[in-house]
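Remarks on the structure that follows.
The values are calculated or read from the model by the stated rules, or taken from the named source; none is laboratory data. This structure is a prediction, so every number in the text was calculated from the model and none was measured. Cβ coordinates were reconstructed from backbone atoms using ideal geometry, including for glycine residues, and neighbour counts include every protein chain displayed. Ligands, DNA and RNA are excluded from the accessible area calculation, which covers all protein heavy atoms including side chains. Shrake-Rupley method; radii C 1.70, N 1.55, O 1.52, S 1.80 Å.
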Amino acid sequence: MSIVQQLSTKHILGIKYLNQEDIRLIFETAASFKEVLNRPIKKVPSLRDVTVANLFFENSTRTRISFELAEKRLSADIINFSSSSSSVKKGETLLDTVNNILAMKVDMVVMRHPAPGAHHFLAQHIDAHIINAGDGTHEHPTQALLDAFSMEEQLGNLEGKNICIFGDILHSRVALSNIFCLQKLGAKVRVCGPPTLIPKHIHQLGVEVSYNVDDSLQWCDVANILRIQLERQDIKYFPSLREYATYFGINKARLQRLDKKILIMHPGPINRGVEISSDVADSDHSIILQQVENGVAIRMAVLYLLAAKR
Amino acid sequence: MIIRQATVLDARSAHHGLVRDILVVDGVIEAIEQHISDQSFPQIEGRELKVSPGWVDIGVQVCDPGLEHREDLESAANAAEQGGFSTIFCLPNTSPAIHSKSEVNYIINKSAGLAVKMYPVGAISLNCEGKDIAEMMDMHHAGAIAFSDGKRTIQDSGLMLRALQYAKSVDGIVMHQPLDQSLMMEGQIHEGIVAASLGLKGISAMAEEIMVQRDLRLLEYTDSRLHLSNLSAARSVEMVRQAKAKGLRVTASVAVLNLLLTDEALQEFDSNLKVLPPLRSEVDRQALIRGLQDGVIDVLSANHIPMEEENKKLEFTYASFGAIGLETVYAACKTWLGKDISDELLVQSLAICPREIFGLPKSSIGVGQKADLTVFSPIETWEYAENSVLSKSRNSHLIGKKLEGRALAVIR
């Protein structure tokens, strides 16, 4: 048996901390797991005797289910913990909670938390491998990995491809992780949305900034449309959902004006009729459901590779 | 007490720049000679010793009364003395706030006999809430050295106007740390590429600049006296430069951390570096250093804000702002800024300027003068070990670090 290739990091805190080889290794591993997932018997024993804690300090349905399924397919033992952000305000509580769970001999922690950097904080205090399933407005690395993996399935190598991220960039962890991941894979990245939802200094990350939806649709090969994060907006960044949908929503009429066919992606959950219209979400441009399928394979790959770092 | 072979740094002294033995008896300088042979007094000795008028920190959060789990007058005094300060100003963000003569008296009475001299700063507004003006004249006559809402910034321009006007009746100084809260919003660190890449909301330099602009206009209108505390942005320095050139009675200070570090230091989410004003860009840092060098910025401050572990050992966004610094001002400057900031400049900004601006008793190094001295060594190396910290709080990124340069004694 060949020596298992290893990730360069002990944790998956963000795409920022991975290198291109890591991303390639995750993709290769995910591709083989995707093949497994299409077999009649979908379960492999790779993580037998590994205990994974899924700690969700913020609401999540699809990411939590996706991780849980990935863990089950790998035969890991699982414990789940959910708590709304309101009941967990202080880090001592976070540390205490996690240390309590780790005292029961847990090997890996998958965590979602509303505070940017919460996983860094945890990594300084605990030994287990940590996978970031979203930290506030910072990163959501497995989402970016599954997005890029899905794009490559459709378009091949992303080198030189134009990817535009539409919508609420300011409150999005998906945007940042996507930017870091796509740039590491050689793609050109643009962000497009209302100026109040685009961080002022984001261009310094090497992305283009546009406020023109039609121009950006024409420019891109892939449109990754982000959800309007109403729950993370402490003040009004735009006047109304109606106005947003009219001027920044992606609809069929806009796509029909293009002289090419572009891929439509969305990390979900969709606000139908706001950032994306139903006729686009359900069209053959859309690979939204493929993204979900690939999510399980990507998360299996990440879990598997981190477990191999033991 | 005899200070042995120390270089005198005090431009007003006849011994300035010379190596001297200094004999202090009962708080008075009895003799300054090339060599004093008397061996019967306790000695302060060391390599390359320097002696200057006692250092002053004009903005310390003493947390007493009310927040003594973070700091109290005694621990603040001990930390200040350890850092070479003979005098500190106590900011009014206590509980209750120093917003009437009772609290002013409390600080003055309770600090008598402590290791350093303490001057209370009276609040501008009741409870430092930025609404109703506090009894400034009463506090002045009770001994308040200046007026400020400390770490709370004055958002209401009308209140700032009245404070500047009212302070004129006693030729008082209004101290203000400029920051527009509505522009800061939920900001955590300097608005720039680091904030953008960490997913943290930024505090734009503009949030400070707009306040500096407002304050300077109000100052011009009122012809009063203003001290802008802890500037952090390059444009703020520029505006103060122009205001001084116009003849406005404005002075300014900078916090050591803003000279030392930029927002790059926050890549690992170190909550001990979550401070206000925030660590800004390299352009800002360089402008602050230049401002200090050419005298636009008059005073260097520790911006000492003690904070208990429960408010710091947290996810970054939940952690409170602030860092302690009284014990490490000189060492931090010597260790990382030795090339940019000479000992002469440090003495100027830690002792000479604050004493002049706020009208503290003149302290010059001459025979017969009352002793108020700081003795320090630029080459002494030491570790800022956690168990040696004299502040009650531990929120410093320097804990555990090896440092060069140390204050050795305060004599008063």
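Here are the numbers:
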{"quantity": "With every protein chain in place, region A:167-288: carbon and sulfur % of accessible area (1.4 Å)", "calculated": "52 percent"}
{"quantity": "Two-site FRET efficiency, B:Q165 against B:H35, from Cβ-Cβ distance with R₀ of 51 Å, rounded to 0.05", "calculated": "0.35"}
{"quantity": "Simple spin-label estimate for A:E28 and A:D214 in nanometres, 7 Å along Cα-Cβ", "calculated": "4.6 nm"}
{"quantity": "Kyte-Doolittle at least 0.5, axis length at least 18 Å by Cα - qualifying DSSP helices, chain B", "calculated": "none"}
{"quantity": "Shape call, region B:49-195: gyration tensor on alpha carbons, a/c limit 1.5", "calculated": "oblate"}
{"quantity": "For region B:197-245, residues shielded by at least 40 square angstrom of accessible area compared with the chain on its own, probe 1.4 Å", "calculated": "B:S197, B:G199, B:K201"}
{"quantity": "Scattering profile of the protein assembly as shown at q = 0.06, 0.07, 0.08 Å⁻¹ [log10 I(q)/I(0), Debye over alpha-carbon scatterers]", "calculated": "-0.44, -0.58, -0.72"}
{"quantity": "Unit charges on C-beta of K, R, D, E only; dipole of region B:57-180, Debye", "calculated": "220 debye"}
{"quantity": "Relative contact order [Cα under 8 Å, 6+ residues apart], chain B, whole percent", "calculated": "19 percent"}
{"quantity": "Fraction of accessible area attributable to carbon and sulfur, region B:290-337 (%, probe 1.4 Å)", "calculated": "43 percent"}
{"quantity": "Gap separating the Cα centres of region B:105-141 and region B:329-349, nearest whole Å", "calculated": "30 Å"}
{"quantity": "Beta bridge orientation in chain B: antiparallel %, DSSP, nearest 5", "calculated": "45 percent"}
{"quantity": "Charge dipole of chain A about the Cα centre (unit charges at C-beta), most positive-ward option of A:L155, A:G14, A:L197", "calculated": "A:G14"}
{"quantity": "Whole-number percent relative contact order across chain A, with pairs defined as alpha carbons under 8 Å at least 6 apart", "calculated": "20 percent"}
{"quantity": "Members of region A:111-138 that become less accessible by 30 Å² or more once partner protein chains are added (1.4 angstrom probe, chain alone as reference)", "calculated": "A:A115, A:P116, A:H120, A:F121"}
{"quantity": "Antiparallel DSSP beta bridges within the protein assembly as shown, as percent of all bridges there, nearest 5", "calculated": "25 percent"}
{"quantity": "Length released on extending from A:V36 to A:L241, taking residue separation times 0.36 nm less the Cα-Cα span", "calculated": "69.6 nm"}
{"quantity": "Cα pair count fraction exceeding 20 Å, expressed as % - region B:161-302", "calculated": "45 percent"}
{"quantity": "Inter-label distance, nm, simple model (7 Å from Cα along the C-beta direction), A:H203/B:D340", "calculated": "2.8 nm"}
{"quantity": "Per residue value of the accessible surface for the protein assembly as shown (all protein chains in place, 1.4 Å probe), Å²", "calculated": "38 Å²"}
{"quantity": "Spin-label model distance (nm) - B:S95 vs A:K43, 7 Å beyond Cα toward Cβ", "calculated": "5.4 nm"}
{"quantity": "Buried solvent-accessible surface, both chains (B, A), 1.4 Å probe, Å² to nearest 100", "calculated": "2100 Å²"}
{"quantity": "Heavy atoms of B:M137: accessible area, 1.4 Å probe, square angstrom to 10", "calculated": "70 Å²"}
{"quantity": "Added length on full extension, which subtracts the Cα-Cα distance from 0.36 nm per residue, B:K362 to B:E68", "calculated": "102.6 nm"}
{"quantity": "Euclidean distance of C-alpha centroids, region A:26-56 and region A:116-174, integer Å", "calculated": "20 Å"}
{"quantity": "Choice from B:P277, B:P361, B:P53 showing the highest fluctuation, given a GNM over chain B with Cα pairs closer than 10 Å", "calculated": "B:P361"}
{"quantity": "Span from the region B:257-305 Cα centroid across to the region A:242-264 one, whole angstrom", "calculated": "46 Å"}
